[in-house]
Amino acid sequence: AIALAKISRDMLGVLETDRVNYDEFFARSRQLVTGTCVGIGQRHLGIQDNQYDWVIIDEAARSISSELAIAMQSGKRVLLVGDHLQLPPLYSEPHKKALARKLRIASSGGDLDGMLQSDFARAFESEFGLQTSASLLTQYRMAPEIGNLVSQAFYNGNLENGDRAIPDFYKAGPQFLNYVVTWVDTSNKGSQCYHNSDRGVSIYNRFEADLIIKMLKEASADNALIENLKSTVKEGEPAIGVICMYGEQKRILHHKFNEVAWSDEFKELVKIDTVDSYQGKENRIIILSITRSEKAQSPGFLRAPNRINVALSRAMDRLIRSEE
């Protein structure tokens, strides 16, 4: 007891000095230290001078070039966790254009995409990575029909479905929820369903936005569906997610959604956001707003499969998307 009291007095004495660094003290004295890759590299923390038994980095495939090294330098062993087939590192358009100029390559296309590949992807696909990596190939989020679609489209059929109970109340609800996966075909509307791009770089599609609001109105009119959905999620959590591939489409959908007098119960069940903010999240029902639709059938930045993979794989029970 006397020894413990002496240690306590010594610690208090150190903490009372003018030159004390509380952050560094806690970083050195804790069993577990958490932070972002860049955040834990701050000099005043002194973490770079420590050696930890393990450094575990989550969402490692989203880290920009060399960002992983900041955290990895402090670990005796390193575990990188991520999926390079989902969202890649996020670079701003000015950043990408500046890099393309420096490297004298096209600012769009395969050459730049290759340069912007994450270090996680490079490591995973390297000779060393092929020997030491492990893949988790059983998913428990998605209904089998959605899981099979994602598996065949993005994982060469290797992703298997684990056991998960799917609620059986959807078939008694609106027609667009009768099937696990539903494609809403808008091709018979011609140019009426095409997107617009008069607001700058982000495109939008009012026809598709109106279609989504119509589906939400159908769902909101079904009291039994609302009560059933509420029972499947925690209080305050959304059960219906509307994923937008473009930021301007999100803004328009928010505006149209706020123009309708929804019940408070239903409003709490709906979330409208962009695909870039959705990785790691999930909803019972996902309505996917592709937005892009034109006669030339150009995929634009949607040519990269990663964002499509994320958008489709957020759905647990029902997946609805429109296409032209």
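Checked against (1) out of contact with any Pro (no Cβ under 7 Å at 6 or more places or on another chain); (2) closer than 22 Å to residue 139 by Cα, residue 232 meets all criteria but (1).
Being of a type in the set (Lys, Arg), surrounded by 13 or more Cβ atoms within 10 Å (Cβ to Cβ) and more than 22 Å from the chain's Cα centre (by Cα) is a condition met by no residue of the stretch 235-253. Inspection of the stretch 61-77 identifies no residue that is out of contact with any Pro (no Cβ under 8 Å at 6 or more places or on another chain) and touching a residue at least 60 places away in the same chain (Cβ under 8 Å).
I need the full set of residues from the stretch 180-215 which are small (Gly, Ala, Ser), in a helix (DSSP H, G or I) and open to solvent by less than 50 Å² (accessible area, probe 1.4 Å), in order please. 190, 209 - these are the residues of the stretch 180-215 that are small (Gly, Ala, Ser), in a helix (DSSP H, G or I) and open to solvent by less than 50 Å² (accessible area, probe 1.4 Å). Listed by first and then second residue, the pairs with beta-carbon distance under 6 Å, at least 6 apart or on different chains, first residue in the stretch 162-187 and without any contact (Cβ under 8 Å) to a residue 40 or more places away in the chain, second open to solvent by less than 90 Å² (accessible area, probe 1.4 Å), are 162/138; 171/178. Can you say whether residue 150 is among the hydrophobic types (A, V, I, L, M, F, W, C), touching a residue at least 40 places away in the same chain (Cβ under 8 Å), farther than 17 Å from residue 313 by Cα and surrounded by 12 or more Cβ atoms within 10 Å (Cβ to Cβ), as far as the supplied structure shows? Taking the combined requirement at face value, the residue does not satisfy it. Looking at 275, 270, just one residue is open to solvent by less than 40 Å² (accessible area, probe 1.4 Å), among the β-branched types (Val, Ile, Thr) and farther than 30 Å from residue 81 by Cβ, and that residue is 270. Of the candidates 7, 47, the single residue that is over 34 Å from the mean Cα position of the chain (by Cα) and either modelled with pLDDT under 85 or surrounded by 12 or more Cβ atoms within 10 Å (Cβ to Cβ) (or both) is 7. Against the list (1) surrounded by 11 or more Cβ atoms within 10 Å (Cβ to Cβ); (2) under 31 Å from the mean Cα position of the chain (by Cα); (3) at pLDDT below 85; (4) over 28 Å from residue 158 (Cβ atoms), the condition residue 21 fails is (2). The one condition from (1) in contact with a Leu (Cβ under 9 Å, 6 or more places away or on another chain); (2) closer than 29 Å to residue 294 by Cβ that residue 143 does not meet is (2).
With respect to residue 85, determine if the residue is out of contact with any Phe, Trp or Tyr (no Cβ under 8 Å at 6 or more places or on another chain), closer than 16 Å to residue 304 by Cβ and either surrounded by fewer than 15 Cβ atoms within 10 Å (Cβ to Cβ) or of a type in the set (A, V, I, L, M) (or both). So residue 85 fails the test.
Out of 164, 101, 141, 122, one residue alone is basic (Lys, Arg), in a loop (DSSP other than H, G, I, E, B), open to solvent by 40 Å² or more (accessible area, probe 1.4 Å) and at pLDDT below 95. It is 164.
Scanning the stretch 245-265 for residues that are of a type outside the set (Gly, Ala, Ser) and within 13 Å of residue 213 (Cα to Cα) yields 249, 250, 252, 253, 254, 255, 256, 257, 258, 259, 260, 262.
The values are calculated or read from the model by the stated rules, or taken from the named source; none is laboratory data. Everything numeric here is computed off the predicted structure, so don't read it as measured data. Backbone-built Cβ (ideal geometry, glycine too); neighbour counts: all protein chains shown. Heavy atoms of the whole protein, side chains included, go into the accessibility calculation; ligands, DNA and RNA do not. Shrake-Rupley method; radii C 1.70, N 1.55, O 1.52, S 1.80 Å.
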